[in-house]
Each structure stands twice: as C-alpha cells, then as structure tokens.
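Taking it in order: structure first as structure tokens, then the write-up.
The values are calculated or read from the model by the stated rules, or taken from the named source; none is laboratory data. Just so we're clear, the structure is a prediction, and the values are computed from it rather than from any experiment. Please note: Cβ atoms are built from the backbone with ideal geometry, for glycine as well, and neighbour counts cover all protein chains shown.
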C-alpha cells in the first residue's frame, strides 16, 4: 500500500519563519510555503487542498485574517484546520479567530516541539476514517 504524506500549507512573509517551519515538517509531511495570503489562495485554487494550513496574520497583499475568512467562506476549503502563529498580542484577536474556527493560536516566539505536537494531533483528529473494506481490481492475464 502506498502511504501518501499529508499536505501542509505554510503562509508567512518572513523567510526565517518559513525556513524554520519547513525544517520542522518537511520530513514527515508534504510542505508548501507561500509568502502571503493572496499567494496562498492562488495555490489553493490549483493544487489539491492541504490537510492543514499554518498562517501568520500580519502579511502584505492579503493578511491572515482575510485569508482565513476567505477559506471559511469557501465550500471547498472551509473544513481545513488552520493554526495561526502571530507576533500580535495574544488576546487582541483571539475571539475573532476562534469564531472563524481557527484550531490553535500560537504566540511568537513559540516552542517548536509544542507546534509539532499540535500539528500531529490536529492531523490525527481530522484524518478521514479508515475504509471498512478495500476494493481490489481483478487481475487478468493476457493470453
């Protein structure tokens, strides 16, 4: 059986943060990194949707709040869990983000092990159920 890596989309305008997040997750997951919300939406339109999005809030072009609102308004994307990592004051926007269905809000700086644990548990909670049976194609011999 082929095991596919779960996909994570990282959205952050800081090259240092993008590099850190990529290094934390690339061995275990298929990681895509984009630098703002607009680029994230373009990626989401043309690629298979990720199983998780990790985003910053303060970004140029399209910020994290607008990205999250757009994703939650989409019939095709609204179910994707979102983790926010932000340098903004923790309680400043927490209520709005929780109303938008954000899975978790982490304050920068954060502990990498804590983020890895949250990503792992979020992906496990949102995993599709295992199939009750496996359909197999019949094998035919040429002859």
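Answer yes or no: is there a residue in the range 120-139 that is touching a strand residue (DSSP E or B) at 6+ places or on another chain (Cβ under 9 Å), surrounded by 11 or more Cβ atoms within 10 Å (Cβ to Cβ) and at pLDDT 85 or above.
At the first step, the residues of the range 120-139 found to be touching a strand residue (DSSP E or B) at 6+ places or on another chain (Cβ under 9 Å) are 122-123, 126.
Next cut, surrounded by 11 or more Cβ atoms within 10 Å (Cβ to Cβ) only: 122-123, 126.
This time we only want the ones that are at pLDDT 85 or above, so: 122-123.
Yes; the residues of the range 120-139 include at least one that is touching a strand residue (DSSP E or B) at 6+ places or on another chain (Cβ under 9 Å), surrounded by 11 or more Cβ atoms within 10 Å (Cβ to Cβ) and at pLDDT 85 or above.
Does residue 97 count as assigned to a helix (DSSP H, G or I) and either surrounded by 12 or more Cβ atoms within 10 Å (Cβ to Cβ) or modelled with pLDDT of 90 or more (or both)?
Working: assigned to a helix (DSSP H, G or I): yes; either surrounded by 12 or more Cβ atoms within 10 Å (Cβ to Cβ) or modelled with pLDDT of 90 or more (or both): yes.
For residue 97, the condition - assigned to a helix (DSSP H, G or I) and either surrounded by 12 or more Cβ atoms within 10 Å (Cβ to Cβ) or modelled with pLDDT of 90 or more (or both) - is met.
If you check residue 109 against the conditions, is it part of a loop (DSSP other than H, G, I, E, B), at pLDDT 75 or above and exposed (fewer than 10 other Cβ atoms within 10 Å of the Cβ)? Give the steps one after another, and end with the answer.
Numbers: part of a loop (DSSP other than H, G, I, E, B): yes; at pLDDT 75 or above: yes; exposed (fewer than 10 other Cβ atoms within 10 Å of the Cβ): yes.
It is true that residue 109 is part of a loop (DSSP other than H, G, I, E, B), at pLDDT 75 or above and exposed (fewer than 10 other Cβ atoms within 10 Å of the Cβ).
Residues in the range 70-94 that are under 16 Å from the mean Cα position of the chain (by Cα) and surrounded by 14 or more Cβ atoms within 10 Å (Cβ to Cβ): how many?
So the answer is 12.
Which of (1) surrounded by fewer than 16 Cβ atoms within 10 Å (Cβ to Cβ); (2) farther than 17 Å from residue 105 by Cα is the odd one out, the single condition residue 25 does not satisfy?
Here residue 25 clears every test but (1).
Pairs only if they're at least six apart or on different chains, beta carbon under 6 angstrom, first in the range 105-133 and over 22 Å from residue 4 (Cβ atoms), second modelled with pLDDT under 85 and outside any helix (DSSP H, G or I); list them, first residue then second.
Cβ pairs passing all conditions: 107/90.
Tell me, which residue of the range 39-49 that is closer than 16 Å to residue 81 by Cβ and touching a helix residue (DSSP H, G or I) at 6+ places or on another chain (Cβ under 8 Å) is surrounded by the most Cβ atoms within 10 Å (Cβ to Cβ)?
Going residue by residue through the range 39-49, those that are closer than 16 Å to residue 81 by Cβ are 40, 44, 48-49.
With touching a helix residue (DSSP H, G or I) at 6+ places or on another chain (Cβ under 8 Å) added as a condition, the list becomes 40, 44.
Working: 40: 27, 44: 22.
Here the answer is 40.
So which of 36, 13, 56 ends up being under 20 Å from residue 104 (Cα atoms), buried (at least 19 other Cβ atoms within 10 Å of the Cβ), out of contact with any helix residue (DSSP H, G or I) (no Cβ under 7 Å at 6 or more places or on another chain) and in contact (Cβ under 8 Å) with a residue 24 or more places away in the chain? Walk me through how you get there before you give the answer.
On the way: 13 fails: buried (at least 19 other Cβ atoms within 10 Å of the Cβ); 56 fails: out of contact with any helix residue (DSSP H, G or I) (no Cβ under 7 Å at 6 or more places or on another chain).
Among 36, 13, 56, only 36 is under 20 Å from residue 104 (Cα atoms), buried (at least 19 other Cβ atoms within 10 Å of the Cβ), out of contact with any helix residue (DSSP H, G or I) (no Cβ under 7 Å at 6 or more places or on another chain) and in contact (Cβ under 8 Å) with a residue 24 or more places away in the chain.
Taking the condition at pLDDT 95 or above, on the phi < 0 side of the Ramachandran plot and surrounded by fewer than 19 Cβ atoms within 10 Å (Cβ to Cβ), does residue 66 pass? Walk me through how you get there before you give the answer.
Working: at pLDDT 95 or above: yes; on the phi < 0 side of the Ramachandran plot: yes; surrounded by fewer than 19 Cβ atoms within 10 Å (Cβ to Cβ): yes.
When the stated conditions are applied, residue 66 passes them.
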